[in-house]
Amino acid sequence: MNKNILVTGGAGFIGSHLVSQLLSEGGWNVSVVDNFNNFYSPECKRRNLEKHLSNERFSLREVDICDNESLKSVFRKGDFETVVHLAARAGVRPSLKKPRLYFETNVNGTLNLLDLSREFEIKQFVFGSSSSVYGARCDVPFSENDKVSEPISPYAATKISGELMCHTFSHLYDIRTICLRFFTVYGACQRPDLAIHKFARLISDDKPIPVFGDGKTGRDYTYIDDIIQGVRAAIDYDKTSHEVINLGESETTELQELISLLEDHLVKKAVIDRKPLQPGDVPQTFADISKARKLLNYDPKTKIGDGIRKFVDWFEAQ
């Protein structure tokens, strides 16, 4: 008997990889909700799911998570056991320009999904959060026990809000909620606005890449296969009613080192366009993944050099 699962944002970068994983396993009927907005090319997102359209265990509904009535019809027909909520307005810098849009989608949309999960008695709710919730802290690695009450972007504030609502609904309505704080995910099908994809495209086109600050900001870059291993384990997790868990590689790579790796694999030099640091950007991220190892048997395997090589192989094949 197949299990029924809903993946919101399932046409996006992380979502489409998760859909492929679940369908490859068998045993799942996978429903996707995505509104195919124009934050980046809707055609890219449609291509992410194209190979699944003929699969009888896959269904796609073009629905905005802010449209509660349309969402309710999805829940009514789906008989879901699990919801994996990855749909969101993404990105720190765009959230500074459109904070209301970010709150409408990321806070109200998440509330819609949690409330429908209550109404339809969903037992497992996995929420895609972000390392941005940690703010501009300098002490590393970042632990789930660290204070996250000082976000420095509207995007980060929306993700903290989502985590808090997950806890509330878990406490009140017996929904197991697992909030996964993703640390700078990259890999095949990565969004074109994210640094690795954007830099690769500009270097290939002999165009300058914008570098904000001195190039010494650091990120815990996490390869998509490792993230999917963690999300997949969270779907099966059944020990406690609510958890917040970091998913990262647990190492930090400086921006200038990242650019050097891209240059090596693209066999091209980057033209650097120096710019001042941007509001909302954090100086570094670095995940403490001891909790993920303990609760999810999370075991990331892709070092940054190998991950960039795999990404460039995909990029050049496009």
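One residue is enough: does the stretch 171-182 have a residue meeting the conditions more than 15 Å from G109 (Cβ to Cβ) and in a loop (DSSP other than H, G, I, E, B)?
Among the residues of the stretch 171-182, at least one is more than 15 Å from G109 (Cβ to Cβ) and in a loop (DSSP other than H, G, I, E, B), which makes the answer yes.
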Limited to the stretch 258-292, what total is found for residues that are under 18 Å from Y221 (Cα atoms), of a type in the set (D, E) and modelled with pLDDT under 95?
1
Of the residues that make up the stretch 202-218, is at least one more than 17 Å from the chain's Cα centre (by Cα) and closer than 16 Å to G307 by Cβ?
yes
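Restrict the check to the stretch 235-243 and report whether at least one residue is aromatic (F, W, Y) and not in a loop (DSSP other than H, G, I, E, B).
no
Could you look through the stretch 1-52, keep only residues that are β-branched (V, I, T) and within 22 Å of N106 (Cβ to Cβ), and pick out the one that is nearest to the chain's Cα centre (by Cα)? Before you say what the answer is, go through the steps one by one.
Step one: filter the stretch 1-52 for residues β-branched (V, I, T), giving 5, 7-8, 14, 19, 30, 32-33.
This time we only want the ones that are within 22 Å of N106 (Cβ to Cβ), so: 5, 7-8, 14, 19, 32-33.
Details: I5: 18, V7: 12, T8: 11, I14: 6, V19: 13, V32: 15, V33: 15 Å.
Step by step, filter the stretch 1-52, then rank; the result is I14.
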Can you confirm whether the stretch 298-313 contains a residue that is exposed (fewer than 12 other Cβ atoms within 10 Å of the Cβ), out of contact with any Phe, Trp or Tyr (no Cβ under 6 Å at 6 or more places or on another chain) and either acidic (D, E) or free of Cβ contacts under 8 Å to residues at least 24 places away in the same chain (or both)?
yes
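Each row is one residue, and each column tells you yes or no for (1) among the polar types (S, T, N, Q); (2) surrounded by 15 or more Cβ atoms within 10 Å (Cβ to Cβ); (3) on the phi > 0 side of the Ramachandran plot.
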position: Q124; (1), (2), (3): yes, yes, no
position: N145; (1), (2), (3): yes, no, no
position: P151; (1), (2), (3): no, yes, no
position: A156; (1), (2), (3): no, yes, no
position: K159; (1), (2), (3): no, yes, no
position: F169; (1), (2), (3): no, yes, no
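Quick one: in the stretch 68-80, which of the residues that are of a type outside the set (K, R) and surrounded by fewer than 15 Cβ atoms within 10 Å (Cβ to Cβ) is farthest from I122 (Cα to Cα)?
Out of the qualifying residues, it is E69.
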Leading residue by the ranking (surrounded by the most Cβ atoms within 10 Å (Cβ to Cβ)) among those in the stretch 206-227 that are of a type in the set (D, E) and in a loop (DSSP other than H, G, I, E, B)
D220
For residues that are over 12 Å from N4 (Cβ atoms) and either outside any loop (DSSP other than H, G, I, E, B) or in contact (Cβ under 8 Å) with a residue 12 or more places away in the chain (or both), tally how many sit in the stretch 54-63.
5
Which one is surrounded by the most Cβ atoms within 10 Å (Cβ to Cβ) among residues in the stretch 230-288 that are at positive phi and touching a residue at least 40 places away in the same chain (Cβ under 8 Å)?
S250
Of the numbered conditions (1) surrounded by fewer than 20 Cβ atoms within 10 Å (Cβ to Cβ); (2) closer than 24 Å to I178 by Cβ, C44 satisfies every one except a single condition; which is it?
(2)
List every residue pair whose Cβ atoms lie under 8 Å apart, where the two residues are 6 or more positions apart in sequence or sit on different chains, the first residue falls within the stretch 1-24 and is crowded, with 24+ Cβ neighbours inside 10 Å and of a type in the set (K, R), and the second residue, located anywhere, is modelled with pLDDT under 95 and not in a helix (DSSP H, G or I).
none
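The values are calculated or read from the model by the stated rules, or taken from the named source; none is laboratory data. All values reported here derive from a predicted model rather than from experimental measurement. Counting neighbours? That spans all protein chains shown, and the Cβs are built from the backbone with ideal geometry, glycine included.
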